[in-house]
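K.L.:
Sending over a structure as structure tokens; questions will come in a sec.
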Amino acid sequence: MSMMPATDPSFRTQQRHRIFRALSGEYFWFYLLLLPSILILIGVVIIPILFAFRMSLGNTSIVVIGGKGSISDTWVGLQNYIQLFQNSLFWQSFRETIYYWVVSIIVELVVGIGIAVLLNKEFFGRRVVRVIVFIPWAIPTVVNAMLWGMIFDGDNYGALNDLLLRFHLISTPIVWLNPNPLFAHIPWLSNALSWLGSNQAINALIVGDEWKTLPIVAILVLAGLQTIPSEYYEAAKVEGASGWKQFRNITLPLVSPILTVVLILRTMQLLRAFTLIFTLEQFGLPLMSINAYQQAFQFGSFGTGSAISFLIALLAIIISIVYIKRLYREEL
């Protein structure tokens, strides 16, 4: 009976020689220069993810005895996940997070692409306008949160309330950052929006977040627009294609790789959004990221907090894979 290739000494020798040639040949410097990045990725991303997943499978807490702290960790398996899935408050935070992500992405795509198309046209002062548009992105997130906190302040001196009162559009100040239901005078619509995760506070936060992030989306899309040869549009005009057909058949397909990158980055940022929400709402609007922080650092349930964090990461990965597969199919 002949020996299997994996157990054949000559086969193993050939494999070792092949690996040696790959490491010592033309790819040597490639592997050598790539090694630090791989080590950093493993240390900063892979190991913390595995550690968080391990913590999510236990009942982890900090015990302080005699001024000294120690970690108490009891293995519970998937119990933390089961308890989350049975908790109606978790599903409410999940719906609010999905609503926050979906609405923000739609606004960024529609408005961001529109701003990029306008900035791509020739007009007087275009360079100055581009600089002005980019300013909100340069403002730190905490400063942006404080700015919108003053705008949405529920007293008379809140900027938005003051403006609406001056124009007699409202009779009393509105507390914009309260999670009040929308369209309360229409019960069925109000209940449907509340179930989807929509309320007054979360929509106000979306406005504040979009004001800061729309510029970077517009700039990235603008960079993609400037790589499209003008001959494509000239040929389309000769064929009699309307502006909408040019946008649908030329602009969108050619900027789709950049849009995919934007969608992946913004999806990761939105699903784990924390600074703006926590600065303005504290625990009043418990999205998944706020819920994870609250479970871990307010209630001391690190296992539950890690489970929520791992679910956020898993959700972001799944959505990113969908984006990439959609882009791959379009390129084919």
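The values are calculated or read from the model by the stated rules, or taken from the named source; none is laboratory data. Since we're looking at a predicted model, the values are computed, not measured. Cβ sites come from the backbone with ideal geometry, for glycine too, and all protein chains shown count toward neighbours.
For (1) modelled with pLDDT under 70; (2) in contact with a Leu (Cβ under 8 Å, 6 or more places away or on another chain); (3) surrounded by fewer than 11 Cβ atoms within 10 Å (Cβ to Cβ); (4) under 25 Å from S306 (Cα atoms), each residue gets a yes or a no:
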{"site": "S2", "(1), (2), (3), (4)": "yes, no, yes, no"}
{"site": "T7", "(1), (2), (3), (4)": "yes, no, yes, no"}
{"site": "L33", "(1), (2), (3), (4)": "no, no, yes, no"}
{"site": "V44", "(1), (2), (3), (4)": "no, no, yes, yes"}
{"site": "F51", "(1), (2), (3), (4)": "no, no, no, yes"}
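K.L.:
So Y232 ticks every box in (1) surrounded by fewer than 17 Cβ atoms within 10 Å (Cβ to Cβ); (2) of a type outside the set (A, V, I, L, M); (3) assigned to a helix (DSSP H, G or I); (4) under 31 Å from the mean Cα position of the chain (by Cα) but one. Which box is left unticked?
P.N.:
Of the numbered conditions (1) surrounded by fewer than 17 Cβ atoms within 10 Å (Cβ to Cβ); (2) of a type outside the set (A, V, I, L, M); (3) assigned to a helix (DSSP H, G or I); (4) under 31 Å from the mean Cα position of the chain (by Cα), the odd one out for Y232 is (4).
Table: residues versus (1) closer than 19 Å to W101 by Cα; (2) modelled with pLDDT under 90; (3) among the aromatic types (F, W, Y).
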| residue | (1), (2), (3) |
| --- | --- |
| I174 | no, yes, no |
| H185 | no, yes, no |
| N203 | yes, no, no |
| G208 | yes, no, no |
| W211 | yes, no, yes |
| V221 | no, no, no |
| S230 | no, yes, no |
| E239 | no, yes, no |
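K.L.:
Kindly check whether there is at least one residue in the stretch 202-214 that is touching a Leu at 6+ places or on another chain (Cβ under 9 Å), over 19 Å from N161 (Cβ atoms) and without any contact (Cβ under 8 Å) to a residue 40 or more places away in the chain.
P.N.:
No - not one qualifying residue is present in the stretch 202-214.
Condition check ((1) surrounded by 15 or more Cβ atoms within 10 Å (Cβ to Cβ); (2) out of contact with any strand residue (DSSP E or B) (no Cβ under 9 Å at 6 or more places or on another chain); (3) of a type in the set (A, V, I, L, M)) across all residues:
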| site | (1), (2), (3) |
| --- | --- |
| A236 | yes, yes, yes |
| G243 | no, yes, no |
| Q246 | yes, yes, no |
| P253 | no, yes, no |
| T260 | yes, yes, no |
| L265 | yes, yes, yes |
| Q269 | yes, yes, no |
| A273 | yes, yes, yes |
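K.L.:
Taking the condition of being in a helix (DSSP H, G or I), more than 22 Å from S230 (Cα to Cα) and in contact with a Leu (Cβ under 8 Å, 6 or more places away or on another chain), how many residues in the stretch 116-141 meet it?
P.N.:
4
K.L.:
Here is a follow-up. Filter the stretch 102-143 for residues that are at pLDDT below 90 and charged (D, E, K, R); which is surrounded by the fewest Cβ atoms within 10 Å (Cβ to Cβ)?
P.N.:
In this case the residue turns out to be E122.
K.L.:
From the list E108, E96, which one is closer than 30 Å to F53 by Cα and part of a helix (DSSP H, G or I)?
P.N.:
Unique residue meeting the criteria: E96.
K.L.:
Regarding the stretch 183-196, can at least one residue be identified that is within 30 Å of M150 (Cα to Cα), in contact (Cβ under 8 Å) with a residue 60 or more places away in the chain and outside any helix (DSSP H, G or I)?
P.N.:
The answer is no, given that none of the residues of the stretch 183-196 is within 30 Å of M150 (Cα to Cα), in contact (Cβ under 8 Å) with a residue 60 or more places away in the chain and outside any helix (DSSP H, G or I).
K.L.:
Show me the helices (runs of 4 or more DSSP H) entirely contained within the stretch 251-316 in which 3 or more residues are under 12 Å from the mean Cα position of the chain (by Cα), within 30 Å of A236 (Cα to Cα) and in contact (Cβ under 8 Å) with a residue 24 or more places away in the chain.
P.N.:
Those helices (runs of 4 or more DSSP H) span 252-271.
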